[in-house]
Amino acid sequence: MSKVGSAVSPLHGGHCPPWLFQKMTHLSSAIVEAIIVEFGPDEILRRFSDPAWFQAFGCVIGFDWHSSGLTTVGLGALKEGLAPKQKELGLFIVGGKGKASRQTPQEIDAIGESAALPQDIGQLKDTSRLVAKVDSALVQDGYQLYHHVMIFTSRGHWAVVQQGMNDRQGTARRYHWLSETVKSYVVEPHQGIIGQTASHVLNLTEKSNVPLHKSSLELATRPQDVLLTLRRLEEHDGEKQLVMPHHHDIPRSRYINKALNEIYRQSPENYQDLVMTPGVGASTVRALAMVSEIIYGSPITYRDPVRYSFAHGGKDGIPYPVNRKDYTRSLQVLEEALRKARIDDRTKMESLKRLAGLDAGHIR
């Protein structure tokens with residue numbers, strides 16, 4: 001699905017009304033069950049890893065199209081709706097918003113035991129941590145992660161939907177992953193990122209920044225050289241020694257000394273292991289990248305990885321007119337799913353009527 005523009009997803013406070021949340025649990029689980037019956041559980045992973053499809057899904061189940069809560073509330077409703085039948089369907093959802101996101105490893109263990117899944121399903125715990133680390137440390141775009149959901153099958157295939165917030169701008173950004181398309185966790189691993197585009201984003205998963213991975217790993221064996229270079233940068237405030245956006249501060253050597261020595265002690269074999277070293281975060285990998293640029297001459301490129309806008313648009317033209325082709329394609333997929341679902345309660349029938357009414361004549 002092609003990008004049609006950029007839109008802002010505002011951070012909304014408050015809570016979803018209980019009556020609406022309950023309707024969302026029923027309708028969202030019916031849609032997902034229909035897709036599983038027709039196409040199998042792996043297709044659910046592909047759909048949820050598509051930022052535009054996911055946005056349409058959130059709209060169809062009734063949540064505000066432009067709200068950051070479409071992600072958190074929509075997936076929360078789906079998690080609750082599928083809970084009684086996830087073992088039967090072979091599809092499981094773990095994680096959530098805030099504290100719930102940190103319970104993901106424990107939830108994976110619990111599901112593995114209760115559903116008698118293969119022992120190697122436990123590898124999903126490492127995957128969950130790594131995905132979160134990449135989007136918080138390697139993609140430095142000004143958004144703080146606060147939501148992490150992993151959807152996986154009994155065969156260990158998975159998709160991840162994460163969301164970050166930018167308090168200063170009052171906006172959100174969503175990150176989508178799909179296991180079948182990940183060739184490397186640290187080199188352009190995302191299936192898609194959706195949000196408002198920004199300038200001067202330090203994306204260390206960008207292919208053009210891969211040379212920095214090798215040089216950063218080499219520098220990890222020489223922490224004192226890194227600290228010495230950082231101190232010199234601090235003294236000169238980066239002037240004439242490093243070309244970088246003004247909002248990327250130079251990491252302070254005294255703050256990353258401990259992390260650098262831990263990297264040296266553990267001697268990581270590759271960049272992924274370096275990133276997963278305890279105590280290594282955004283400041284440490286940025287420091288290594290900056291010093292690599294100075295010592296090895298590997299230039300850092302700043303390019304926002306966002307490829308999708310946050311919505312199809314609105315019928316009233318806000319934030320921009322609906323792209324009818326993309327919207328129609330999304331609705332066709334969902335209509336077919338709902339048709340297969342043998343829906344018989346009023347809530348779901350009403351949703352079908354709403355879908356049927358969204359033809360070209362109703363979209364302005």
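No value in this document is a laboratory result; all are computed from the given coordinates. As the structure is a prediction and not an experimental result, all values here were calculated from the model. Reconstructed Cβ throughout: ideal geometry from the backbone, glycine too, with neighbour counts over all protein chains shown.
Given axes a ≥ b ≥ c from the Cα gyration tensor, I'd like to know whether region 115-214 is rounded (a/c under 1.5), prolate (a/b larger than b/c) or oblate. Walk me through the numbers on the way to the answer.
Numbers: a/c = 2.45, a/b = 1.50, b/c = 1.64.
Since a/c reaches 1.5 but b/c is at least a/b, the shape of region 115-214 is classed as oblate.
Would you mind putting 207-216, 265-274, 297-306 in packing order, based on average other-beta-carbon counts within 10 Å, highest first? Kindly include the intermediate steps, with their values, before the conclusion.
Values: 207-216: 18.8, 265-274: 15.2, 297-306: 16.9.
Per-residue Cβ counts within 10 Å, averaged per peptide and sorted highest first, yield 207-216, 297-306, 265-274.
Most tightly packed first, judged by the mean number of other beta-carbon atoms within 10 Å of their residues, the peptides 143-150, 80-87 read 143-150, 80-87. Reported to the nearest whole Å, the Cα centre-to-centre distance from region 89-135 to region 166-181 is 19.
Pairs with C-alpha atoms separated by more than 26 Å, drawn from the list LYS183/LYS214; LYS85/LYS133; LYS125/LYS183; LYS23/LYS133; LYS23/LYS99, are LYS85/LYS133; LYS23/LYS133. The string of couplings for region 87-96 from the Karplus curve (6.51, -1.76, 1.60, θ = phi - 60°) is 5, 5, 7, x, 9, 10, 10, 10, x, x Hz, one whole number per residue in order, with x for Gly and Pro. Compared with the rule-of-thumb size 2.2 N^0.38 Å for a compact globular protein, region 128-170 has a Cα radius of gyration ratio of 1.32.
According to the Kirkwood relation over distinct C-alpha pairs, the hydrodynamic radius of region 42-169 is 15.1 Å.
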